[in-house]
Amino acid sequence: MKLHFLGTSGASLTPRPGCQCRVCTEARGKGPPYSRWGPALFIEDENILFDTPEEISLQLNRAGIKRVNHVFYTHWHPDHTFGKRVFEQLNINWGGLPGHRNLRTTPVYLPPQVKQDFEKHLSLMDHLTHMEGLKLITIQEIQEGEPVQIGSLTVKAIQMENPSLYVYLLTEGKKRVLLALDDTKGWKPDQDLTGVDLVVLETGWFEVDPEGKLLLAPELPLRQEEASFEETLEILKTLQAKRAILTHIEEMNARTYGDYLELEKEYQESRLTFAYDGLIVEV
């Protein structure tokens, strides 16, 4: 399997518009790997895309990706869904003339709770249904644990502690990759997920910046709602994965690409890498 990290930020991009902190200033001047766009992951083997952030059309062009054959959604949050107009860009024959690219239809896979949440929040399902009517996509509801076979790859959705979110287990031969791309708070992975060849996890929030300055107010609700970096490390211990890549890296963490390289050295025993836009990993 070849994984291409198209975007590695979370809800806040790096650089954040208007922000003049050292992280955003450096990212604005240098671009990737210092800058980060919205969360998206691409599996090159079968042209499978996980999530569509607002920048997804730009990300696909930047990565030189010519075709998206399948799209899976992990949950409804805007940073993972608001680029869904990409199906218009990918599939419409705008001119309708012979010789133009033919209209394509992309299967879009939604686990049960994701589908329900799309129906409740932000008119997400209304937009997808509209595009299905235009034959740009087909909406495929999949059940938890139900194997979806795409070429040589098997994809399974597994519901997390937060019922709105799903992890995806990818299997190809004896290789297993686990994608837990956001909101791992309170998640206790099942025993049969341990020992995967690669796990991709959200990074989580940090208590202090590299100089020891407090980053989060003590009363901030995020502390109870989102996993911290320390909680992510505990999940890694449970999973005992052969390799880990941490993504969904927020600008609010106040760390540059260079800071994350230093953290990799500090946590060598955890066999972790911090993702960056454009990172390609083969398993």
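The values are calculated or read from the model by the stated rules, or taken from the named source; none is laboratory data. Keep in mind it's a predicted model, so treat the numbers as computed, not measured. Note: ideal-geometry Cβ built from the backbone for every residue, glycine included; neighbour counts use all protein chains shown.
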Exactly one of Phe72, Phe82, Phe87, Phe50 is surrounded by fewer than 19 Cβ atoms within 10 Å (Cβ to Cβ), within 19 Å of Val114 (Cβ to Cβ) and aromatic (Phe, Trp, Tyr), and that one is Phe82
For the stretch 195-219, pairs from a residue that is touching a residue at least 60 places away in the same chain (Cβ under 8 Å) to a residue that is surrounded by 10 or more Cβ atoms within 10 Å (Cβ to Cβ) and among the acidic types (Asp, Glu), with Cβ under 6 Å and 6 or more apart or across chains, are Glu202/Asp182
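Does Arg176 satisfy the condition of being farther than 30 Å from Leu236 by Cβ and among the charged types (D, E, K, R)? Working first, answer last.
Numbers: farther than 30 Å from Leu236 by Cβ: no; among the charged types (D, E, K, R): yes.
No: the conditions fail for Arg176.
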For Thr138, indicate whether it is β-branched (Val, Ile, Thr) and loosely packed, with under 14 Cβ neighbours inside 10 Å.
yes
Within the stretch 144-157, residues over 20 Å from the mean Cα position of the chain (by Cα) and among the polar types (S, T, N, Q) come out as Gln149, Ser152
Checking His80, His75 in turn, the sole residue that is at pLDDT 95 or above and either assigned to a loop (DSSP other than H, G, I, E, B) or of a type in the set (A, V, I, L, M, F, W, C) (or both) turns out to be His75
Check: Just to be sure, is Gln89 assigned to a helix (DSSP H, G or I) and within 19 Å of the chain's Cα centre (by Cα)?
Finding: no
The strands (runs of 3 or more DSSP E) lying wholly within the stretch 92-153 that contain at least 1 residues that are among the charged types (D, E, K, R) are 137-141
Filtering helices (runs of 4 or more DSSP H) wholly in the stretch 194-283 for at least 2 residues that are buried (at least 16 other Cβ atoms within 10 Å of the Cβ) gives 229-239, 257-266
Condition set at pLDDT below 75 and of a type outside the set (D, E, K, R), scope the stretch 85-108, selection nearest to Val68 (Cα to Cα): answer is Asn102
Among residues of the stretch 230-283 being within 18 Å of Leu169 (Cβ to Cβ) and small (Gly, Ala, Ser), the residue farthest from the chain's Cα centre (by Cα) is Ala241
